[in-house]
Each structure stands twice: as C-alpha cells, then as structure tokens.
Amino acid sequence: MQQLLLPLLLVLVLAVPLVMSTRKQKKQQAAQQDLQNSLAPGDRVMTTSGLYGTVADTSGDTTIDIEIAPGVVTTWLRLAVREKVEPVVETEEDAADEAVETPAEEPAVIESATAVKTEEPPTTAQVAPPLEHGKK
C-alpha cells in the first residue's frame, strides 16, 4: 500500500493543475467566441495590435470592416478583435473644469514711436539634418 501512495500523489500533483488550466483556457475561448459573434456595426473595439476603431461591417464570416478614422475603413480578421471598448464620454464636470481654466497669456505689445510691434515668444524647436540614405 505504501508503494502506491507516492506515485498516486505525483499523479495528483501533476494532473490537478493541468485539468484546472484546461478549464480556464476553455472558458477564455468561449468568452472570446461570444465577443466575436456579438460584434455589430457601431461597436467601438480594440484589436490585438492595439488599434482602436469602430465596426463598420460584419457581413463576412471570418472578416470585419473597422473604421479607424473618418472615411478610412480597413478589413480585419474577426480573431484580431481583442475587446469591445466603451467610448469616452465627457461629463459635465469635465466640461466645467475646462471652461474655468485660465486663458493663455497674450504676447506683450511693445509700442515705439514709429510702429506697434508684438513680441513673439522664443521657440525651442530644432531642425534635424536631412538623412542620407544609401551613403556610407
């Protein structure tokens, strides 16, 4: 009896986590399948590559059309849709906070005897040198 106890424990220690992970994986696959079957035009989605867009057409069996910008529609595999995303809704509180913000300061006006000039703020922009492709 003692000789069978150790192999039985080893089998249990290895089998239980394997069975549990398989069940978890099946649940995730079922949830993903439900998501892909429930896609409808107008849904906001995120693809597996991180691209956000709006579903434009779901008539294909394996593909869907996603509008990524106004007037730009691309075709994707249904499997590439990772999740539905709720659209960003601006609340009244956010709009009120933006309205209360102080306006940007206007440039100072310097008057001289001959003309009125506006002082431009100094810029910190830098221009990069052109790239030389093919030259070594």
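No value in this document is a laboratory result; all are computed from the given coordinates. Remember, it's a predicted structure, so these values are computed and weren't measured experimentally. Cβ atoms come from the backbone with ideal geometry, glycine included; neighbour counts cover every protein chain shown.
Observations on the structure shown:
- For the stretch 2-84, with +1 on Lys and Arg beta carbons and -1 on Asp and Glu, the positive-most of G42, V16, Y52 along the dipole: V16
- When the P(r) is computed for the stretch 2-84, the part past 22 Å accounts for 44% of the Cα-Cα pairs.
- Virtual spin-label span in nm between L35 and D61, 7 Å along Cα→Cβ: 2.4
- Net length gained if the chain between V85 and Q25 were fully extended (0.36 nm per residue, minus Cα distance): 19.3 nm
- Summed residue charge, Cβ within 13 Å of L77's Cβ, Lys/Arg positive, Asp/Glu negative: 0
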